[in-house]
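**Q** My questions will all concern the structure given below.
Any read-out appearing in this document is the output of simple, stated calculations on the displayed coordinates, not a laboratory observation. This structure is a prediction, so every number in the text was calculated from the model and none was measured. All Cβ positions, even for glycine, are placed from backbone atoms using ideal geometry, and neighbour counts span all protein chains on display.
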């Protein structure tokens, strides 16, 4: 099941529904067709707060839909390309972003040192990084992201004036329904409301001083439009193994990246179990598992340009398309070398 939020053509009302048979249909219309009243399905917040019962109700409506589809009026069905797709959660109840991809952590740290440190200390630090990240078992470290800066499919990404090295971070996003303190291991799966594509935008040339300050990333990840999610929330039954999803990234016609979620050192189930040892998790929380190795600019020392289209695809989860603005403010001086291709934006 792929649930989504969207607007119909020439209609300002926000619909909460499902993508089926290449069409969007709202849960309100499904209830009308089926002559039932399921208030949990009227909006995404109530769906999350009442998960997993809300998912069970949705599944029952969808089963009826599949049986009756050939006989239903076409007025209920809207092709995906005719609707305005909105972020599937807006805003998430919280945003917790983990770093559970050791190869990305190693590669990105090596690139950071290329720009942050000089000889003779640079080769020493690079050797330590390679040794430190040789173990695949990354620890459960995370930071709290800005859950109020969410964007969705086809949205425009802003370019902050304080960075010349804007970057993407494709991640597997895990959406939590109800996960209570000390939830038993055997119940954890039921707390997963679904999966989504998460694009954690980052300003790389301001990242190192913030992380060195021991408070975690702040402005380098906490700016307007810095968290992209979508286009759907895909239920667990459509993702047989969340750690076996092929990931592809196209940045215009210029760059192509690929990777796989198999490089995560923990499963979503293990992450939720870890968090619930000491807290409840609010319904509708978004958990980022970490950047897919090889799929961001910092891993590869390859950087975005204004106006580029970014396309992130994951098996079974769809494709998240976003556009980097070409309407940049005057860029402030960067701590890293100025990029010649951004020359007109420095003046």
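**Q** Work out how much length residue 335 to residue 215 would gain on full extension: take 0.36 nm times their residue separation and subtract the Cα-Cα distance, in nm to one decimal.
**A** Value of the extension gain: 41.2 nm.
**Q** Ordered by packing density, taken as the mean number of other Cβ atoms within 10 Å over each peptide's residues, highest first, how do 312-321, 216-225 rank?
**A** 312-321, 216-225
**Q** Would you please classify the overall shape of the stretch 160-275 from the alpha carbon gyration tensor, given that a ≥ b ≥ c denote the square roots of the eigenvalues, rounded means a/c under 1.5, and beyond that prolate means a/b larger than b/c while oblate covers the rest?
**A** oblate
**Q** Which FRET efficiency value, to the nearest 0.05, is calculated for residue 319 and residue 118 with the Förster distance at 35 angstrom and r the Cβ-Cβ distance?
**A** My answer for the efficiency is 0.30.
**Q** Quick check on the exposure proxy: order 185, 208 from fewest to most C-beta atoms within 10 angstrom.
**A** So the ranking, lowest neighbour count to highest, is 185, 208.
**Q** Something else now. For the chain, what relative contact order do you get, as a whole percent, if you take Cα pairs closer than 8 Å and at least 6 residues apart?
**A** Relative CO of the chain lands at 23 percent.
**Q** Using only Cα atoms and rounding to the nearest 10 degrees, what angle (0 to 90) does helix 102-116 make with the longest principal axis of the chain?
**A** Computed tilt is about 40 degrees.
**Q** Per-residue ellipticity at 222 nm for the chain, helices alone: DSSP H runs ≥ 4 residues times -39500 (n - 2.57), over residue total, nearest 500 deg cm²/dmol?
**A** Calculated from helices alone, the mean residue ellipticity at 222 nm is -6500 deg cm²/dmol.
**Q** What ranking, highest mean first, results for peptides 148-160, 238-250 when packing means the other Cβ atoms within 10 Å averaged over each residue?
**A** 148-160, 238-250
**Q** In whole percent, what relative contact order does the stretch 142-299 give with Cα contacts below 8 Å and a gap of six or more residues?
**A** Rounded, it is 35 percent for the stretch 142-299.
**Q** Which entry in (i) 0.90; (ii) 1.12; (iii) 1.04 matches Cα Rg over 2.2 N^0.38 Å derived from the coordinates of this structure?
**A** So the structure-derived entry is (iii).
**Q** At a 10 Å Cβ-Cβ cut-off, how would you order 27, 19, 232, fewest neighbours first?
**A** The order, fewest Cβ neighbours first, is 19, 27, 232.
**Q** Right, another one. Taking neighbour Cβ counts within 10 Å as the exposure measure, how do 211, 289, 183 sort from fewest upward?
**A** Ordered from fewest to most neighbouring Cβ atoms within 10 Å, 211, 289, 183 come out as 211, 183, 289.
**Q** Also, I was wondering about something else. Packing-wise, with mean Cβ within 10 Å as the measure, how do 293-305, 165-177 rank, highest first?
**A** Packing proxy ranking, top to bottom: 165-177, 293-305.
**Q** Need one word for the stretch 215-281: rounded, prolate or oblate. Basis is the Cα gyration tensor (sqrt eigenvalues a ≥ b ≥ c); a/c below 1.5 gives rounded, then a/b vs b/c decides.
**A** Oblate.
**Q** Can you give me the angle between helix 53-68 and the longest principal axis of the chain, using Cα atoms only, in degrees from 0 to 90, rounded to the nearest 10?
**A** Its long axis makes an angle of about 60 degrees.
**Q** With a ≥ b ≥ c the root eigenvalues of the C-alpha gyration tensor of the stretch 2-86, is it rounded (a/c under 1.5), prolate (a/b larger than b/c) or oblate?
**A** Here the stretch 2-86 falls in the oblate category.
**Q** Same structure, new question: Please compute the contact order of the stretch 165-224 in relative form: average sequence separation of alpha-carbon pairs under 8 Å and at least six residues apart, divided by the residue count, as a percent.
**A** Result for the stretch 165-224 is 38 percent.
**Q** Here's something else I'd like to know. With label points built 7 Å along Cα→Cβ from the Cα atoms of residue 190 and residue 327, find their separation and express it in nm.
**A** Computed distance between label sites residue 190 and residue 327 equals 4.9 nm.
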